[in-house]
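Below is one structure, written out as structure tokens, with a few remarks after it.
The values are calculated or read from the model by the stated rules, or taken from the named source; none is laboratory data. Being a predicted model, the structure only gives us computed values, none of them experimental. Cβ placement follows ideal geometry from the backbone for every residue including glycine, while neighbour counts extend to all protein chains displayed. These area figures cover heavy atoms from the full protein model, side chains too; ligands, DNA and RNA do not enter into them. Shrake-Rupley method; radii C 1.70, N 1.55, O 1.52, S 1.80 Å.
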Amino acid sequence: MLRDTGRLRGAFQHLATQKYGSVVNRVDYSKLHEEGKNRIPQRKIFPTIEQAREIVTPVYQKYVDSAAKL
């Protein structure tokens, strides 16, 4: 893993509501790592929408299942 100061790693912020959730990183060079440019190779930080759905769907399903038992 590429790590120098840990600034990028420590700058993730999340927001969740009853309808959606998001994760952002506002460090100025996070987009450069995510997309790559010129001689900087792409280093994906965030999953694709499809990958995120695969990760999140079982978590929500577990929550819904447990809430339905109340």
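When only C-alpha pairs under 8 Å and at least 6 residues apart count, what is the relative contact order of the chain, in percent?
15
Per residue, how much accessible area does region 1-42 have with a 1.4 Å probe, in Å²?
Accessible surface, normalised per residue, equals 95 Å².
Taking the chain as the reference, fit the longest principal axis to its C-alpha atoms, fit the long axis of helix 49-68 to the helix C-alpha atoms, and give the angle between the two in degrees, 0 to 90, nearest 10.
30
Could you tell me which trypsin sites (Lys or Arg not before Pro) in the chain are loop residues by DSSP with no more than 10 other beta carbons within 10 angstrom of their beta carbon?
3, 19, 26, 39, 69
Run the accessible area of the chain with a 1.4 Å probe and give the carbon-and-sulfur part as a rounded percent.
Answer for the chain is 55 percent, counting heavy atoms of protein chains only.
Which loop-located chymotrypsin sites (Phe, Trp or Tyr not before Pro) does region 1-52 contain, where loop means any DSSP state but H, G, I, E or B and the Cβ has at most 10 other Cβ atoms within 10 Å?
Sites meeting the loop and neighbour criteria: 20.
Would you mind counting up the charge near residue 59? Only other residues with Cβ under 14 Å from its Cβ, with Lys and Arg at +1 and Asp and Glu at -1.
Overall, the nearby charge balance is 0.
Can you give the charge dipole size of the chain about its Cα centre, rounded to the nearest 20 debye, using +1 on the beta carbon of Lys and Arg and -1 on the beta carbon of Asp and Glu?
Around 160 debye, computed over the chain.
Put one equal scatterer on each alpha carbon of the chain, apply the Debye formula with no solvent term, and list log10 I(q)/I(0) at q = 0.27 1/Å to two decimals.
At q = 0.27 Å⁻¹ the computed log10 ratios are -1.29.
Any aspartates and glutamates with Cα under 17 Å of the residue 62 Cα? List them, leaving off those in the same chain fewer than 8 positions away.
Within reach: 54.
Between residue 68 and residue 17, what is the FRET efficiency for a Förster distance of 25 Å, r being their Cβ-Cβ separation, to the nearest 0.05?
0.75
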